[in-house]
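Worksheet: one structure, shown below.
The values are calculated or read from the model by the stated rules, or taken from the named source; none is laboratory data. As the structure is a computational prediction, the values presented were derived from the model and not from experiment. FYI the Cβ positions are ideal-geometry reconstructions off the backbone, even for glycines, and counts take in every protein chain you see.
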Amino acid sequence: MTSNLEDQLLALRQEGEAAIASADTLERLEELRVNYLGKKGQLGALLRSMGQMSAEERPKIGAIANTVKEAIQNSLDQQRTVLESAQIQAQLESETLDVTMPGIYRPQGRIHPLNGIIDQALDIFVGMGYTVAQGSEMETDYYNFEALNTPPDHPARDMQDTFYLPDGNLLRTHTSSVQIRHMEKEEPPIRIVAPGRVYRRDDVDATHSAVFHQIELLAIDEGLSFTDLKGTVKVFLQAIFGDLPIRFRASYFPFTEPSAEVDLQWNGRWLEVMGCGMVDPNVLKSVGYDPEIYSGFAAGFGVERFAMVLHQIDDIRRLYNSDLRFLQQF
Ligand code: DAH
């Protein structure tokens, strides 16, 4: 009886060690552990038969059973270490980066220089309390000219300059139309900045385009004066171009009185960069504002011109060609 059980235990140990040594996955190893050492495992089954043993035999067999259990447990631990390190090795190999592989080209998007200027200008004016306003590119004669105190015989209304649509409407020649659109809807005080596309019947060359961009400025309040206009324009221009000399030169626009053009000293030369003036009382009247109570100033400038000066661009058409070699410089 004793030797029979002892033989069985030793046989179990041999068989177990061999099976464990050849286990090739951690799942298989766990199956073997359950099979040999688990609650319903083979070692347990053998030990349950110890119940019928005599008191002298029991400790001896118990000691053997313990060494068998330990041996099988050791085999399990050893094989687990082997399998786990193989697993880590395989993972390391499959996840190794080959730093000599060619990279994946990911083109980087950039802000178009015109949008860059528009963003910058809006930021500056919003910082001064202005709100961004917009109008439509197709306009009526009234908003583009008449309400802006531009009489029918004014040269700006010439068929040469304006794109007229078959229905009698037109493509706005400037963003000044947004002034009227906005004032009609709102009451003073007003502080708006309005960017947008404008259209002129110009022959396209290095400095002219039939479609270009303007930014319009309008402030209406009680007691606004030319000083406010000068300060605002100066802060804006110096934020964009740097701390350069600026001069206001008397000029004429139908919708402002007095009117001025602003020049900027750039690389030693005076460059004309924007038009501006005090809003003409006739314009205020056209939207029902009382010029005895309200005054205001307006200004407008071309975005392309700013971009060309700032970035030393020699031909306006480069701004529209979508040539990546050009655009990637910004
Ligand atoms: N609308 C003018 C243009 O297209 C620019 C301009 C001049 C706008 C004076 C203004 C202004 O608001 O006050 O040439």
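None of Ser94, Ser49 is surrounded by 13 or more Cβ atoms within 10 Å (Cβ to Cβ), of a type in the set (S, T, N, Q), more than 30 Å from Met308 (Cα to Cα) and modelled with pLDDT under 95 except Ser49. Within the stretch 179-201, the set of residues being in a loop (DSSP other than H, G, I, E, B) and either within 12 Å of the ligand (Cβ to nearest atom) or within 16 Å of Thr131 (Cα to Cα) (or both) comprises Glu186, Glu187, Pro188, Pro189, Arg200.
So which residues in the stretch 20-59 are part of a loop (DSSP other than H, G, I, E, B), within 20 Å of Gln73 (Cβ to Cβ) and in contact (Cβ under 8 Å) with a residue 24 or more places away in the chain? Result: Ala23, Asp24, Thr25.
When you check Thr131 against the structure, is it touching a Pro at 6+ places or on another chain (Cβ under 6 Å) and either among the β-branched types (Val, Ile, Thr) or at pLDDT below 95 (or both), yes or no? So Thr131 fails the test. Take Ala156 and tell me if it is assigned by TED's automatic domain parsing to the domain that holds Val204, modelled with pLDDT under 95 and not in a loop (DSSP other than H, G, I, E, B). Yes: the conditions hold for Ala156. Please work out if Gln265 is at positive phi, exposed (fewer than 15 other Cβ atoms within 10 Å of the Cβ) and assigned by TED's automatic domain parsing to the domain that holds Met183. Criteria not met by Gln265.
Please determine, by comparing only the residues of the stretch 75-112 that are among the hydroxyl-bearing types (Ser, Thr, Tyr) and assigned to a loop (DSSP other than H, G, I, E, B), which one is nearest to Leu327 (Cα to Cα). Here the residue is Tyr105. The lone criterion from (1) more than 20 Å from Ser251 (Cβ to Cβ); (2) away from the ligand (no atom under 13 Å from the Cβ); (3) surrounded by 15 or more Cβ atoms within 10 Å (Cβ to Cβ) left unmet by Asp167 is number (3).
Please verify whether the stretch 289-299 includes one or more residues that are under 34 Å from the mean Cα position of the chain (by Cα), within 16 Å of the ligand (Cβ to nearest atom), surrounded by 21 or more Cβ atoms within 10 Å (Cβ to Cβ) and under 25 Å from Thr150 (Cα atoms). Looking through the stretch 289-299, at least one residue is under 34 Å from the mean Cα position of the chain (by Cα), within 16 Å of the ligand (Cβ to nearest atom), surrounded by 21 or more Cβ atoms within 10 Å (Cβ to Cβ) and under 25 Å from Thr150 (Cα atoms).
Within the stretch 211-223, if we keep just the residues that are within 14 Å of the ligand (Cβ to nearest atom) and either surrounded by fewer than 22 Cβ atoms within 10 Å (Cβ to Cβ) or without any contact (Cβ under 8 Å) to a residue 60 or more places away in the chain (or both), the residue that is farthest from the chain's Cα centre (by Cα) turns out to be Val211. Looking across Gly288, Gly300, Gly296, one residue alone is part of a loop (DSSP other than H, G, I, E, B) and either of a type in the set (A, V, I, L, M, F, W, C) or within 19 Å of Arg181 (Cα to Cα) (or both). It is Gly288. Could you please find all residues in the stretch 139-153 being away from the ligand (no atom under 15 Å from the Cβ), in a loop (DSSP other than H, G, I, E, B) and either touching a residue at least 24 places away in the same chain (Cβ under 8 Å) or in contact with a Cys (Cβ under 8 Å, 6 or more places away or on another chain) (or both)? Correct list: Thr140, Pro151. Within the stretch 261-280, not a single residue is within 22 Å of Lys230 (Cα to Cα), in a helix (DSSP H, G or I) and among the β-branched types (Val, Ile, Thr). Restricting attention to the stretch 257-280, which residues are of a type outside the set (D, E, K, R) and over 28 Å from Gly116 (Cβ atoms)? Answer for the stretch 257-280, where residues must be of a type outside the set (D, E, K, R) and over 28 Å from Gly116 (Cβ atoms): Pro258, Ser259, Met278, Val279. Checking the stretch 227-248 against the condition returns no match, with no residue being within 13 Å of the ligand (Cβ to nearest atom) and over 30 Å from Gln312 (Cβ atoms).
If you check Leu217, Leu229 for being modelled with pLDDT of 95 or more, hydrophobic (A, V, I, L, M, F, W, C) and out of contact with any Cys (no Cβ under 7 Å at 6 or more places or on another chain), only one passes: Leu217.
Of note, Thr256 does not satisfy the criterion of being under 17 Å from Met128 (Cβ atoms), modelled with pLDDT of 95 or more and either surrounded by 15 or more Cβ atoms within 10 Å (Cβ to Cβ) or not assigned by TED's automatic domain parsing to the domain that holds Gly127 (or both).
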